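The values are calculated or read from the model by the stated rules, or taken from the named source; none is laboratory data. Every value quoted in this text rests on a predicted model; they were computed, and no experiment measured them. Here Cβ is always computed from backbone atoms with ideal geometry, including for glycine, and neighbour counts include all displayed protein chains.
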Amino acid sequence: MQKRLTLLGSTGSIGESTLDVVARHPEKFSVYALTAHRNGDKLVQQCLRFRPEVAVVGDAATALQVAAQLREAGCTTEVAYGPQALVEVSQSVHCDTVVAAIVGAAGLAPGLAAARAGKRILLANKEALVMSGAIFMDAVRDHQATLLPVDSEHNAIFQCLPREMELHGGVSKIVLTASGGPFRSREPASLAAVTPDEACKHPNWVMGRKISVDSATMMNKGLEVIEAHWLFGLPGERIDVLIHPQSVIHSLVSYVDGSVLAQLGNPDMRTPIAHALAYPERIDSGVAQLDLAQIAALSFEKPDYARFPCLALAMQALAEGGLASATLNAANEVAVDAFLSRKIGFMAIAQVVGAVLNGLHNRNALALDDVLEADAAARRAATEFIARISTADALHLAGTR
């Protein structure tokens, strides 16, 4: 049967890679809805090619622009906008599969709606589990949704685990690999002067700017550890991080008998996307076959927590439980946005996140409202802290003139 997709975040790197795989298999997949935030021009081009029934954007102005361009091109795609429209296309009876690829907290509500509607969910939005892991996983279980990981690391682990969940007792630990980002070998003292463009130049992967900065700080890997905890039901002490600069081994599973299974492939997101789209089948992803002889050598090293304090903060949040992970995620989103806007320096990202994580009261998350309240409180605290350090920096500079 042909799967009908709602693709949340179609104009981002995951969205574009998903559509590339979909285009290779028109007999297997069709598109019900595409969504973007404000990248209306790219969304229009996607709609003209894939002819979804619905397109969703972030605001009314972008909706008017997209609708006008589609009408002019003779495309009948309906255009909607706003958070509620994202929820509606995620739970619509007209789709069976939801690809959750919206970056950040904005992807939580539509992802949760898809779970509560019992959809097959291809999860690339790690924040849904970081912010509300217990609530999200309960919704998946209670509504008999299917959850398939798309992040390359979690998809690799999924491929290395036995399909029978009861056999996971044979797992000793899981190991998430990390490239180390663009600053793996830079002297920590030199990182204060890093620019946003430098931080966004990932050595192996093509990603959006926010996730690229998260990779440079290794916050992305910390968020993935939290996500892995919820996806695979293992405590933090049984989840390791290993730096692997070549990004060929995407993650590993260590078993109690001493066996270690690893999933390898060229660093291209179309591989895990194709695996999740067609699971349990295997289909052509468009990715070249891995040539180990050409690569010749693979290297590994333990992460330096002094160099990557954001990774340590994520581990702290997982250990604390409750709403700590939601607080961590919100503070990081605000800090990264401030860095990309050149309001703070690169090293201040961890400073902001640490101050908010350690400064706000933690409690258990009983409902989604608790998560949203913690998210809002952390964003306010992060914004206030950034304003204080920005003022202090300005006063310091004035005093040195």
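Quick notes on this one:
- Residue 139 modelled with pLDDT under 95, in a helix (DSSP H, G or I) and among the hydrophobic types (A, V, I, L, M, F, W, C): no
- Single unsatisfied condition, residue 303 versus (1) farther than 30 Å from residue 264 by Cα; (2) surrounded by 14 or more Cβ atoms within 10 Å (Cβ to Cβ); (3) at pLDDT below 95: (1)
- Residue 38 fulfils the conditions (1) modelled with pLDDT of 95 or more; (2) touching a Gly at 6+ places or on another chain (Cβ under 9 Å) except for a single criterion, (1).
- Elements of the type helices (runs of 4 or more DSSP H) sitting completely within segment 188-285 and holding at least 2 residues that are without any contact (Cβ under 8 Å) to a residue 60 or more places away in the chain and crowded, with 22+ Cβ neighbours inside 10 Å: these cover 209-217.
- Among the residues of segment 232-242, those that are at pLDDT 95 or above and aliphatic (A, V, I, L, M) comprise 239, 241, 242.
- Total residues in segment 341-393, condition free of Cβ contacts under 8 Å to residues at least 12 places away in the same chain and outside any helix (DSSP H, G or I): 3
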